[in-house]
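Every read-out reported here was derived from the displayed coordinates using simple, explicitly stated rules and does not represent laboratory data. These numbers were taken from a predicted model, which means no experiment stands behind them. Note: ideal-geometry Cβ built from the backbone for every residue, glycine included; neighbour counts use all protein chains shown.
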Amino acid sequence: MEIRENIPIASLTTMRLGGDARYVISVKAPEEIKQAYDFAHERDLPVWIMGGGANTIGHDEGFPGVIILNEIKGIFAKQDDKFVTIKAMDKFDDDLILKGMGGEVWDDFVRVACDLGYSGIEALSMIPGTLGAAPVQNIGAYGQDIAQVIMSVEAYDTQTDQFITIEKPEMNMNYRCSRFNHGEDAGRYVIFAVTVKLHKGELQRPFYNSLERYVEKYHETNFSPSNIRRMICEIRSEKLPDPKEVASAGSFFKNVFVDQAGADAAEAKGIPIWRNADGSGKINSGWLIEECDLKGKELFGFVVSDKAALVLINKSAKTYHDLDRARQTIINAVQKKFGYTLSQEPVEIPSLTEEK
Ligand SMILES: Cc1cc2nc3c(=O)[nH]c(=O)nc-3n(C[C@H](O)[C@H](O)[C@H](O)COP(=O)(O)OP(=O)(O)OC[C@H]3O[C@@H](n4cnc5c(N)ncnc54)[C@H](O)[C@@H]3O)c2cc1C
């Protein structure tokens, strides 16, 4: 494992905020996760686990402990009860059980699945970050989420010091949440492998909003996984900032969920709502922000993206204090106009000192 000292969290996260982490350890094999924890325990230091930093915000005070970066690589497919490399595959059944190590880039995993012609994660193309982080907030986009295909994860249990397998029913997955980021087990497991089950075939129409609009506009008729992937990549490139060039954490706020009475009330006020079968519904927080005339507005060094109002771009801000002021301005505006309190999607690395 590689140990580095005093590394700016800003350099490890796509929002590019945050002071120094005392130690950053890159792990390239499951056993190294345990070694990294031993290193931290010997020095009585706290630990934070990180992948690509695409959903993580650092504080100005930094982190006085060990950040473990998951760089464990490998993608395998199950064949005759064994996992083999993709190159070694010589049988292609209707279902594909695909396993990737936690440090793989999520989008590389999607590309492999699509190239092999299997459906299930093609709409999740181009979501930044690692495979190990994907189940944590149950990544989702354009009508798919990883909960629909995940079978199990392999993880290091930091409480019992053991390597274990967790099956899907034990993951408590929901909108942007799971056992890994909510409740008493939040932060307990370091996920080093993820296994999903995919099917040979195509996504069925009607597709999700902007994908359906794209298909109609360009008269698309080929819905193979790799063609849906191409469309998703085009749609996303138009709307969402490329983390290599523009600093952001993607959607900064979660959508708002309301029960049936809340959905009726929202509809009566003219707020667009996606209804569930039981009458409850989801309100697009980006729409609420746009209606507050904040789209494209600059706030304390951040810009509310003029293409997708849910995305907060770090244009020139250097401090968490700036983020705090920008965030509060948006929350207050939506609260005042609509009465909903927006909640933040990205997680924050605790500074473990008093925040100003
Ligand atoms: C431009 C942009 C667009 C985005 N679009 C989407 C989208 O469409 N849909 C969506 O759902 N998200 C989206 N995101 C958010 C982000 O891509 C996802 O949350 C992604 O899963 C983050 O992966 P990461 O490796 O960067 O995680 P990190 O930011 O490094 O970590 C996120 C959380 O997971 C934990 N974690 C990380 N790795 C592990 C591990 N191996 N084991 C256990 N816990 C771990 C961390 O402690 C932290 O709590 C977007 C982000 C950006 C910047």
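Out of every Cα pair in segment 222-264, what percent are spaced more than 13 Å from each other? Don't skip to the answer; put the middle values down first.
Working: 630 of 903 pairs.
Pairs farther apart than 13 Å: 70 percent.
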Between segment 97-117 and segment 196-216, what is the C-alpha centre distance in whole Å? 18
For a footprinting-style exposure proxy, rank Trp106, Trp274 by other Cβ within 10 Å, fewest first. Trp274, Trp106
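With N residues in the chain, what two-decimal value do you get for its Cα radius of gyration over 2.2 N^0.38 Å?
Numbers: Rg = 20.8 Å, N = 356, 2.2 N^0.38 = 20.5 Å.
Dividing the Cα radius of gyration by 2.2 N^0.38 Å gives 1.02.
Please report Leu203, Leu198 as a ranked list, fewest other C-beta atoms within 10 angstrom at the top and most at the bottom. Present the calculation step by step, with values, prior to reporting the outcome.
Numbers: Leu203 19, Leu198 22.
Going from sparsest to densest Cβ surroundings: Leu203, Leu198.
Let me know the volume per residue of the alpha-carbon convex hull for segment 247-348, in Å³. Working shown, then result.
Values: hull volume 9.8 nm³, N = 102.
So the per-residue Cα hull volume is 96 Å³.
If you add up the charges near Thr341, with Lys and Arg at +1 and Asp and Glu at -1, over every other residue whose beta carbon is less than 13 angstrom from its beta carbon, what do you get?
Details: positive: Lys254, Arg327, Lys336, Lys337; negative: none.
Every neighbour counted, the sum reads +4.
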Only four residue types carry charge here, +1 at the Cβ of Lys and Arg and -1 at the Cβ of Asp and Glu. Report the dipole size of segment 75-200 about the Cα centre in Debye, rounded to the nearest 20. 160
Using only the alpha carbons of segment 244-294, determine the length spanned along each of the three principal axes and report them from longest to shortest in whole angstroms. 42, 24, 10
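Tell me the net charge near Gln260. Cut-off is 12 Å between Cβ atoms, Gln260 excluded, with +1 for each Lys or Arg and -1 for each Asp or Glu. Before the final figure, lay out each step's value.
Values: positive: Arg275; negative: Asp259, Asp264, Glu267, Asp278.
Summing Lys/Arg as +1 and Asp/Glu as -1 gives -3.
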Which chymotrypsin sites (Phe, Trp or Tyr not before Pro) in segment 1-98 sit in a loop by DSSP (not H, G, I, E or B) and have at most 13 other Cβ atoms within 10 Å of their own Cβ? Phe92
Cleavage-rule hits, trypsin sites (Lys or Arg not before Pro), segment 176-280, DSSP coil, Cβ neighbours within 10 Å at most 16: Arg188, Lys244, Lys269
Simple Cβ-charge dipole of the chain, Lys/Arg +1 and Asp/Glu -1, about Cα centre, in debye nearest 20: 880
So for the chain, averaging the separation of alpha carbon pairs under 8 Å that are six or more residues apart and normalising by length, what relative contact order in percent results? 16
Under 5 Å between amide H atoms, partner at least 5 residues away or on a different chain: which partners does Phe252 have, H built in plane at 1.01 Å? Val311, Leu312
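What GluC sites (Glu not before Pro) does segment 237-306 have in DSSP loop regions with at most 11 other beta carbons within 10 Å? Provide the component values of the computation, followed by the final result.
Values: sites: Glu238, Glu245, Glu267, Glu290, Glu291, Glu298; in loops: Glu245.
Listed in order of number, the matching sites are Glu245.
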Once you've got the GNM for the chain with C-alpha springs shorter than 10 Å, pick whichever of Gly132, Gly262, Gly58 has the biggest mean-square fluctuation. Gly262
Using only alpha carbon positions, build the gyration tensor of segment 2-70, then give the equivalent ellipsoid semi-axes as the square roots of 5 times its eigenvalues, largest first, whole angstrom. 19, 14, 8
